[in-house]
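Colleague: Below is the structure I would like to discuss, written out as structure tokens.
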Amino acid sequence: MMNAIAETAAVESAPAITPGNVVMNCELQKIFYGDFLAVRNSHVPIEKNKIIGFIGPSGCGKSTVLRSLNRMNDLIPVFRFEGKVTYHGQDIYDKKVDPVVVRRYIGMVFQQPNPFSMSIYDNVAFGLRLNRFKDNMDERVEKALRGAALWNEVKDKLKNSGLSLSGGQQQRLCIARAIATEPDVLLMDEPCSALDPIATRKVEELMLELKENYTIAIVTHNMQQAMRVADTTAFFAVDISQGSRTGYLVEMGPTQQIFENPQQQLTREYVRGEFS
Amino acid sequence: MSEPNLMAESMIQATAPRLPSLRRTPFEGRALKSGFLTGLTWVMAVLASIPLFSVIYMLLVEGGSRLDWEAITALPPSAFEMGGGFGNAIIGTLVMVGIATLISVPIGLFAAIYLAILDPDSKLAHTARFLAKVLTGFPSILAGVFVYAAMVVTMKTYSALAGGVALAVLMLPTVVLAAEQAMTTVPKKMKDAAFGMGCTRAQVIWKVVLPTGMPGILTGVMLAVAGAAGESAPLLFTALFSNYFLSSLTEPTASLSILIFNFSGMPYDNQIELAWAASLVLVLIVLVLNITARFIGRQKF
């Protein structure tokens, strides 16, 4: 039943996207913070087992859009969303939908590594316990840590604090924590901005491995990173013509096309580094 | 290779005469002032610890000699009797502080959750916070008078219950403010992480905010307990005193602080010695509770 709904939702998506493979379809009309129109008219279909990169200058709303995909923005009291985000055909902004449940299927990795002040093991087991998994906890924790390419570094100190790890390890711990419950979609909000190049490399390699099993949406400031990891790239920009700074989706397509042969002048200027 | 080196050297030579001296000048004005201020802070730190250490020293010397098994188990002696102790007062203090903790900690913790997380900017929160701050400076004797009117008069008896409530009134603001402080210092990114995992608000509070803030919360509770254990004024009007062991929560009850107050003013050496010993025991109780709480609540990770 879910598939049927997913297919009907995908019909209206952009031509470059294979219909039927769309896991999430963001049909955003307006996002407000109070009276301030932060983002407008952005249609972003997200395909299964692919990495979609959100790029664009500061303040273009790419993080806002990402965080609206699992209703993290609901935690901001003045936030208001107009439009639809369908996940397997269901609108996650429907009144009957519980945002808490949405976040269990659509996981998130944040800009700053944010492990809990618990042991490494408990950090990874956190989501499993939350979802009342009881069987072979050890196995699942190990699987998640292996999945996040962290197991070899921490297998002998699982009882140590998650906060005792280095920044790059902490971020991979957060990824392990997020994938332990095997969410469908993983949202990553500039996951490497607080990391050094070596740690960044590891997280990027990890993302490429993870897309075998997950669908990933990543916000990045780093265009090289988008080129290295993203299958699809969405370019957002800021519109100041209405007197306020409103972000919108300029163009979206296969990453190579966005970087080598963009359809919009603005995209071309941005990827060439003519403005930022 | 050699050319840039030569250039660098000649540059150093050219600029060398104009370089300021980098040597230490310990007797120059600023260095003297800095040294003086550093010395002053050291002296003041020592001065600040003198009262504490002298009190503890005196307690050990004066109270230590009478501190034996009889002192902590026997009933208080009458005027010309020798020996005796203050076992009933120890139990009374523990029971009343226990009652006060049982009342003030749940109320304080839930109030703090409201203030710190649920609705920090509401009118109710601002009012409650303001009142809690006022209440921390509340004269403790007034808490006694209030509970006297509210409980002793209506129940027609002094009681451990009334004493516990009076102490709870005094503990409450300390618990609320310390717990709120501890919970607001839990980093927002940790709460975001929990929400991002699909926690409900209750789960975020229960599984992340409370455990992370626990050391701070326990420190606040311990401060409140220590303060309450040493209070005497509110107990004068509520628990009064008793020469017998506690058998019911609704009868007058002995406490260490009131016993110290009573005995230290008596003209008998035996009672005065017991007052010293009781003071030492009071300090030890607070110390033991403190260490236990720190042990339980220490930041494990």
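Where a number appears in this text, it was derived from the coordinates with a stated rule and is not lab data. Source: prediction; values computed, not measured. For neighbour counting, all protein chains shown are included, and Cβ atoms are generated from backbone atoms with ideal geometry for every residue, glycine included.
Colleague: Among DSSP beta bridges whose residues both lie in region A:150-276, state the antiparallel percentage, nearest 5.
Modeller: Close to 60 percent.
Colleague: Roughly what % antiparallel, to the nearest 5, for the DSSP beta bridges in the protein assembly as shown?
Modeller: 60
Colleague: Can you pull the mean other chain C-beta count within 10 Å for peptide A:111-121?
Modeller: Average per residue, whole number: 5.
Colleague: What range in chain B is the longest one free of GluC sites (Glu not before Pro) that are in a loop by DSSP and have at most 13 other Cβ atoms within 10 angstrom?
Modeller: Formally, the longest exposed-site-free interval is B:82-301.
Colleague: A further question follows. Let me check against my output: what whole-number percent is the relative contact order of chain B, with C-alpha pairs under 8 Å and at least 6 apart?
Modeller: Averaging sequence separation for qualifying contacts and normalising by length gives 24 percent for chain B.
Colleague: Follow-up question, since we're still on this one. Counting chymotrypsin sites (Phe, Trp or Tyr not before Pro) as exposed when in a DSSP loop with at most 15 other beta carbons within 10 Å, what is the longest stretch of chain A free of them?
Modeller: A:134-274
Colleague: Normalising by the residue count of chain A, find the relative contact order in percent from Cα pairs under 8 Å and 6+ residues apart.
Modeller: Reported as a whole number, the value is 25 percent.
Colleague: Another question, then. Run the helix sum for chain A: -39,500 (n - 2.57) per DSSP H stretch of 4+ residues, divided by residue count, reported at 222 nm to the nearest 500 deg cm²/dmol.
Modeller: -10000 deg cm²/dmol
Colleague: Treating the angle as unsigned and between 0 and 90°, give the value, to the nearest 10°, between the Cα long axis of helix A:137-147 and the longest Cα principal axis of chain A.
Modeller: Helix A:137-147 sits roughly 50 degrees off the main axis of chain A.
Colleague: Report the one residue of B:ILE258, A:MET24, B:SER279 whose Cα lies farthest in the direction of the positive end of the charge dipole of the protein assembly as shown (charges on C-beta: Lys and Arg +1, Asp and Glu -1; origin at the Cα centre).
Modeller: A:MET24
Colleague: What spacing in nm lies between the two simple spin-label points modelled at A:ASP35 and B:LEU19, each 7 Å away from Cα in the Cβ direction?
Modeller: 6.2
Colleague: A further question follows. A 24 angstrom limit on the alpha carbon distance is what I want to check against. Which of A:LYS157/A:LYS202; A:LYS96/B:LYS207; A:LYS95/A:LYS134; A:LYS157/B:LYS207; A:LYS50/A:LYS143; A:LYS48/A:LYS84 exceed it?
Modeller: Correct reply: A:LYS96/B:LYS207; A:LYS95/A:LYS134.
Colleague: Select from region A:30-99 those trypsin sites (Lys or Arg not before Pro) which occupy a DSSP coil region and have at most 13 other Cβ atoms within 10 Å, ordered by residue number.
Modeller: Hits after loop and neighbour filter: A:LYS95, A:LYS96.
Colleague: How long is the gain from B:ARG201 to B:HIS126 if the chain were fully straight, where each residue apart is worth 0.36 nm and the alpha carbon distance is subtracted?
Modeller: Length gained between B:ARG201 and B:HIS126: 24.9 nm.
Colleague: Would you mind calculating the relative contact order of region B:58-138 from Cα pairs under 8 angstrom and at least 6 residues apart, reporting the percent as a whole number?
Modeller: Rounded, it is 14 percent for region B:58-138.
Colleague: I need the GluC sites (Glu not before Pro) found in region A:226-276, filtered to DSSP loop residues with at most 10 other beta carbons within 10 Å of theirs.
Modeller: A:GLU274
Colleague: Here's something else I'd like to know. Once both axes come from the Cα atoms, what is the angle between helix A:167-180 and the longest principal axis of chain A, in degrees from 0 to 90, rounded to 10?
Modeller: The angle comes out near 90 degrees.
Colleague: Two-decimal Rg/Rh of region B:245-301 from alpha-carbon positions, Kirkwood Rh?
Modeller: In region B:245-301, Rg relative to Rh is 1.18.
Colleague: Work from the charge dipole of chain B (Cβ charges, +1 for Lys and Arg, -1 for Asp and Glu, about the Cα centre) and give the residue of B:ILE91, B:SER104, B:VAL134 farthest towards its positive end.
Modeller: Checking the options against the dipole of chain B, the answer is B:VAL134.
Colleague: Sticking with this one: Rounded if a/c is under 1.5, else prolate if a/b is larger than b/c, else oblate: which is region B:33-178, with a ≥ b ≥ c the root eigenvalues of its Cα gyration tensor?
Modeller: Taking the square roots of the gyration eigenvalues as a ≥ b ≥ c, region B:33-178 is oblate.
Colleague: With each run of n ≥ 4 DSSP H residues scored as -39500 (n - 2.57), what mean residue ellipticity at 222 nm is computed for chain B after dividing by its residue count and rounding to the nearest 500 deg cm²/dmol?
Modeller: -21500 deg cm²/dmol
Colleague: Here is a follow-up. With only Lys, Arg, Asp and Glu charged, each at its Cβ (+1 for the first two, -1 for the last two), find how big the charge dipole of the protein assembly as shown is about the Cα centre; round to the nearest 20 debye.
Modeller: Rounded to the nearest 20 debye, it is 380 debye.
Colleague: Another question, if that's okay. Scan chain B and hand back the longest stretch that contains none of the trypsin sites (Lys or Arg not before Pro) lying in DSSP loops with at most 16 other Cβ atoms within 10 Å.
Modeller: Within chain B, the longest run free of exposed trypsin sites (Lys or Arg not before Pro) spans B:157-297.
Colleague: Under the classification rounded if a/c is under 1.5, otherwise prolate if a/b is larger than b/c and oblate if not, where does region A:177-238 fall, given a ≥ b ≥ c as square roots of the Cα gyration tensor eigenvalues?
Modeller: Because a/c hits 1.5 or more and a/b fails to exceed b/c, region A:177-238 counts as oblate.
Colleague: In region B:192-299, which chymotrypsin sites (Phe, Trp or Tyr not before Pro) are in a loop and have at most 11 other Cβ atoms within 10 Å, using DSSP for the loop call?
Modeller: Within region B:192-299, no chymotrypsin sites (Phe, Trp or Tyr not before Pro) qualify (loop, at most 11 other Cβ atoms within 10 Å).
Colleague: Calculate the dipole size of region A:56-125 relative to its Cα centre from +1 charges on Lys and Arg beta carbons and -1 charges on Asp and Glu beta carbons; express the result in debye to the nearest 20.
Modeller: 140
Colleague: Classify chain B as rounded, prolate or oblate from the Cα gyration tensor: take a ≥ b ≥ c as the square roots of its eigenvalues, call it rounded if a/c is under 1.5, otherwise prolate when a/b beats b/c and oblate if not.
Modeller: oblate
Colleague: List the DSSP H helices in chain B whose Cα atoms stretch 27 Å or more along the helix axis and whose mean Kyte-Doolittle hydropathy is at least 1.6.
Modeller: Those that pass (Cα extent of 27 Å or more, hydropathy at least 1.6) are B:87-113, B:160-184.
Colleague: Okay, next question. Rank the residues A:MET223, A:MET207, A:MET188, B:MET82 as a footprinting-exposure proxy: fewest other Cβ atoms within 10 Å of their Cβ go first.
Modeller: By the 10 Å Cβ count, ascending, the order reads B:MET82, A:MET223, A:MET207, A:MET188.
Colleague: Only bridges with both residues in chain A count here: give the DSSP antiparallel percent, nearest 5.
Modeller: 60
Colleague: How high is the FRET efficiency from B:ASN290 to A:ARG132, r the C-beta distance, R0 35 Å, rounded to 0.05?
Modeller: According to the calculation, E is roughly 0.40.
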